[in-house]
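Notes for the one structure printed next.
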Amino acid sequence: MKIQSIFAASFCLLSSISAHAAIQLTVPDEVELILVDNQEVKLERSFFSTTSTLDLENGKHQIVFRYNPVFKQGKDNIIVSSDIIVSTFSAEDKEISFKFPTYNSPEKAKAFNRDLNWELIDKNNNSIPFAQSQLIYNGMQVGRNIQFEVAKFNTTEHPAAFKEGMLTVTHKEIKNEQGENTAEQMLHYWYEKADQATKERFLKSITNK
């Protein structure tokens, strides 16, 4: 009877662990993780470690990041920053990490923006399928509102778009780095998306106020 009780307790414990198992994403120092599922993330990095770990629920996720490899040239550190990459993937109960090509010079590392030859792999070195796109911005990079740009991207039909929680992100109050409200940006965006008749009704409504 006692053995049966121990077995039952052990089974319940294992079931509980399995039910709460999730994805562990290992993020190396050269990856600047900007957003996960439309939300900002803060990774705690140890002084003695070159990676950080982010726990995610099982299922589909979107990651937004830059790849910033660093090269030592004499006394200087040369950083080669990629364009912002938007990627979606699905996984369950896996330990996942980034895998990048090996570059031996800053000049060769610049090819990454063209090739985008990175991978997500599990602990057995198996590739995790994902969709990706570059978030191209023509203009000054300083002060970009990445969260707003990704919200716009997620209204498209691109395979890397993340529809889960999209309405929450696009309609909530989003702040840029200076703390300014982006309501005006949203107005411009939805105005440009509207057909001509809708634009005319909108202009008429605000003119009459």
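Taking amide hydrogens as placed 1.01 Å from N in the peptide plane, the amide H of K110 sits under 5 Å from that of no residue at least 5 positions away in sequence or on another chain. What shape does the range 20-116 take by its C-alpha gyration tensor, where a ≥ b ≥ c are the square roots of the eigenvalues and a/c under 1.5 counts as rounded, a/b above b/c as prolate, and the rest as oblate? It comes out prolate by the Cα gyration axes. Coupling constants for the range 151-158 follow from the phi torsions by the Karplus curve (6.51 cos²θ - 1.76 cosθ + 1.60, θ = phi - 60°), and in residue order they are 4, 5, 4, 6, 7, 8, 9, 5 Hz; glycine and proline get x. Projected label points at S81 and T198, each 7 Å from Cα along the beta carbon direction, are separated by 3.4 nanometres. The simple spin-label model puts a point 7 Å past each Cα toward its Cβ; for D55 and D93 those points are separated by 1.7 nm. Close amide H contacts of I128 (hydrogens built in the peptide plane, cut-off under 5 Å, sequence separation of 5 or more or a different chain): L120, I121, D122.
Just list whichever of K60/K99; K72/K110; K163/K204; K94/K152; K72/K123; K42/K163 have alpha carbons separated by over 21 Å in the model shown.
Violating the 21 Å limit, Cα to Cα: K163/K204; K94/K152; K72/K123; K42/K163.
Legend: calculated FRET efficiency, R144 to K42, from the Cβ-Cβ distance at R0 = 25 Å, rounded to 0.05, equals 0.85. At an R0 of 22 angstrom, the distance between the Cβ atoms of N104 and R66 translates into a FRET efficiency of 0.60. For the range 121-137, 3J(HN,Hα) computed residue by residue from phi via the Karplus equation (6.51, -1.76, 1.60; θ = phi - 60°) reads 10, 8, 5, 9, 6, 7, 6, 9, x, 8, 10, 8, 7, 8, 8, 7, 10 Hz, glycine and proline entered as x.
Quick note: the coordinates plus some simple rules give every number you see, no bench work behind them. Values in this document were obtained by computation on a predicted structure and should not be read as measured data. All Cβ positions, even for glycine, are placed from backbone atoms using ideal geometry, and neighbour counts span all protein chains on display.
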